[in-house]
Structure formats: structure tokens, C-alpha cells
Amino acid sequence: MKQTPARLRGIPTKYVEGVAQVVAGLALAAFPAFFLAIYARIAPIEDQGFLAVSLAVGSYVGVVLSAFIVESRLATPGAQHPVALPRWMAVVSAAGGGLLILGPPVPPAPVLLIAVVGLTSGLLMARSIGVVSGRWKMEAAAAITLLVGCCLALLLATLHNPLGLRVLAGGAVITVAMRLWNAPHDGHSGIPPDLRRAAWVSGETAVVGIVQPALTTLILVILGPAASVAFRVISTIAGALEPILAYGRLRLLAYGHKGEIAVIAVAFGGGLAMIFCAEALGVWRLIFGPAWAGVTVTGLLIACLWKGLILGSTVPFAAVRRAGRTTLVFWARCACTAIYLILGVAFVMVFRTNTAAFASFVVTEVLSILIYYSVAKRTAWRKP
């Protein structure tokens, strides 16, 4: 059947693209999950604990860089959206992957940290630009490539083949490099049009993002590497919902379409059902192997509830950011982060479990929703 610009076999093209983008984003969440699963089979528990911290740090750096390059443009009224992955980011990712490909199966801690930061940053930024630019077919192809690499790497690790981690790194490097194929030649530098606004956007993202690496490190020190790995495993599984939230946030920032909310909610419900169906069937235990030992269903349920509550704060947050009120968003996010850290540390110290950390996230996100809605009503949603 011949396709028309507006519809694809009777389905509006925008919905086809939206679903494809969200599904493709799930591959990004799979990367740290498979990394943990592979390491659980080849590395001692102490190295697994350090990997949990490294993945948290890598995600943190990647999110901050993406905020500086991508989201700062979306918070600059009238600015052209980013159209290509900066070449320097591709080089950084290739260098990080090279350290794992050429190094030993279990690399030294500093090498592991540098490699994880390079790979994760490239994957996160490439994904953000892919959502904004709308190149959904390329995103789908890149996602398939990454998933194939992850599955093959896990299979090799299960068979005690030392090439597993190298295959994982190679798949991630290829996935990042694919975004350069047939991409527009302009925009490769990635320099934001408004550096002052970019500083505010990346600054508030840096403030918010510090929660995960800080608490992962705290749990490693206070509760030990096994608890730290379990905390990261739960965060990674619940993080499978993050591409849905990230897609919705970027679409709302870029275009402000309220119709996107329905797509996000449906996709989120589907993702939630898949997570717990997989848990019931023992899929997560099969994938993570020894790393699954410290995970509880209660902790996973509370973590998913926390991710669901983030939907409530995404709409007012996007409205205020899109209105260009970057300074106001910065201070609002600082306040929310302070609550996250205070309650997170308190809950872990008092209850001595990683599940308590997720419980503190739920309480904090409820308070964050109230803060963001209050800010939006006084600014972006205020009637003239």
C-alpha cells in the first residue's frame, strides 16, 4: 500500500514515529542493564559495586552534556534545534569504547570509569538529538544495533567468553557512530546559541542529576557493594521507563504539544506492564544472574511508582522551561534536589536498606509536583 505523508496505513504518522521513538529509547536503558549483567558474571562483587557507581556517574555526565548541547537550545525561544551529533562527542565515545575493547576483561577502576562516562555520554546525547530531530528510522536502526550487541555480549559472558565486554563496547560505539551517517553538516560543533542560558540549563540539570551518583556511592559505603549493585539494578530496570519520560519532556520542550501527554501515558503503562511481566516470568533473574540476589519486588514496585510520579512534574516543568524562565527553573530544581538528598540520606541511614532510598524518592517527587505546579501557575500558565 502506498504511504502518504500524513498517514501510514491508516495510522497517523506522528503516532507511528512517537511509538518508534519511545521503543527505540528502551534500547538506551538496556545498555547499563546488560553491562551490570555481564559484570556480575565476570567480575568480583567489589568491582561490580564500583561499576554501579561508574554507571551512575556516566549517566550524570551524559545528562549534563545533553542539557548543555540539546536542552539549552530548546529553552532558547527562536533558536534552531540541534540537527546533528557533535563530532567531538562521537570521538569521546569511540575513545571510551576503545579502552574496553583493547583492555582486559575486567579493567582497572579508573579505566572503567573513563570508558563508562565516554560511552554513556555519547549514547545519551545521540538519543536526545535523535528525538528532537525526528530521525525516527535512524533511531530504530541504532536501537536494533545496540540491542543485538547487548544480547550477543550477554550470551558470551554466560558462556564465560572474555569477549563479552568488548562486544558490548563495540556495539555501543557503532550505535553512536550511526548518528553521523547522512546527518546534516551544520550543527556538528554543538555550541549553544545562548551560552548564558545554556549555563543555567546545564547547571540545574547538574544539580538534579547529582542525586543518583551521590546515593549510589552512599549505599556502597554504608551498606556494601552488594546493596549498591542491587540499588543500581533496580534503578536500571525502573530506568527502562526513563526513555518514555525523556521523550515526552523533549517533545514538550521542543513543540509544546499537549497531545503528546496521552502517548506518553499509554507508553508508560505499557512499559510498566512489561517490567512486571518480565519479573513474574523470571526474565530479570535470568538476565542479571548473581546481581539479582539483593533485589526485592517491593523495591522495584516503589521505584516504578517514583518514575510514574515524575509524569506529574514533567508538564509544568516543560511549560516553565519552554517559556525561557531558565533561572526560575534552576532555583526550583535546586530546592527539589535538596529535598531529594536530605530525605534520601536520612531514609538510608535510618532504615539501612536500598528500598528506603526509593521510598524517599516517592515522598520527594510528590513535593516536587507541588513546587513545579506552583511555579507554572505564577509564570507560564498565568493569564495575561
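The values are calculated or read from the model by the stated rules, or taken from the named source; none is laboratory data. Since this is a predicted model, take the numbers as computed values, not measurements. Ideal geometry is used to build each Cβ from the backbone, glycine not excepted, and the neighbour counts take in all protein chains shown.
So which of F317, F288 is more than 24 Å from T217 (Cα to Cα) and under 21 Å from the mean Cα position of the chain (by Cα)?
Within the list F317, F288, the selection yields F317.
Could you please find all residues in segment 277-299 being hydrophobic (A, V, I, L, M, F, W, C) and either farther than 27 Å from G164 by Cα or surrounded by fewer than 16 Cβ atoms within 10 Å (Cβ to Cβ) (or both)?
Those that are hydrophobic (A, V, I, L, M, F, W, C) and either farther than 27 Å from G164 by Cα or surrounded by fewer than 16 Cβ atoms within 10 Å (Cβ to Cβ) (or both): C277, A280, L281, V283, L286, A293, V297.
Select from segment 153-170 the residues that are touching a residue at least 12 places away in the same chain (Cβ under 8 Å), part of a helix (DSSP H, G or I) and either surrounded by fewer than 23 Cβ atoms within 10 Å (Cβ to Cβ) or of a type in the set (D, E) (or both) and list them in ascending order.
Across segment 153-170, the qualifying residues are T158, R166, G170.
Among the numbered criteria (1) within 22 Å of the chain's Cα centre (by Cα); (2) at pLDDT 85 or above; (3) among the aromatic types (F, W, Y), which single criterion is violated by W331?
Checking W331 against (1) within 22 Å of the chain's Cα centre (by Cα); (2) at pLDDT 85 or above; (3) among the aromatic types (F, W, Y), the one that fails is (1).
Go through segment 27-51 and give me each residue that's more than 15 Å from G289 (Cβ to Cβ) and either among the small types (G, A, S) or touching a Cys at 6+ places or on another chain (Cβ under 7 Å) (or both).
A27, A29, A30, F31, G49
Any idea which residue in segment 1-23 is modelled with the lowest pLDDT, counting only those that are closer than 30 Å to S121 by Cβ and not small (G, A, S)?
So the residue we want is K14.
Taking only pairs six or more apart or across chains, which ones have beta-carbon atoms under 6 Å, a first residue in segment 265-288 that is within 18 Å of L154 (Cβ to Cβ) and among the aliphatic types (A, V, I, L, M), and a second residue that is surrounded by 14 or more Cβ atoms within 10 Å (Cβ to Cβ) and modelled with pLDDT of 90 or more?
Close Cβ pairs (under 6 Å, with a partner that is surrounded by 14 or more Cβ atoms within 10 Å (Cβ to Cβ) and modelled with pLDDT of 90 or more) amount to A278/W284; I287/A37.
Would you mind stating whether A346 is surrounded by fewer than 20 Cβ atoms within 10 Å (Cβ to Cβ), closer than 25 Å to G203 by Cβ and of a type in the set (A, V, I, L, M)?
The answer is no for A346.
Is it the case, given these coordinates, that L26 is aliphatic (A, V, I, L, M) and modelled with pLDDT of 90 or more?
No; evaluated as a whole, the condition is false for this residue.
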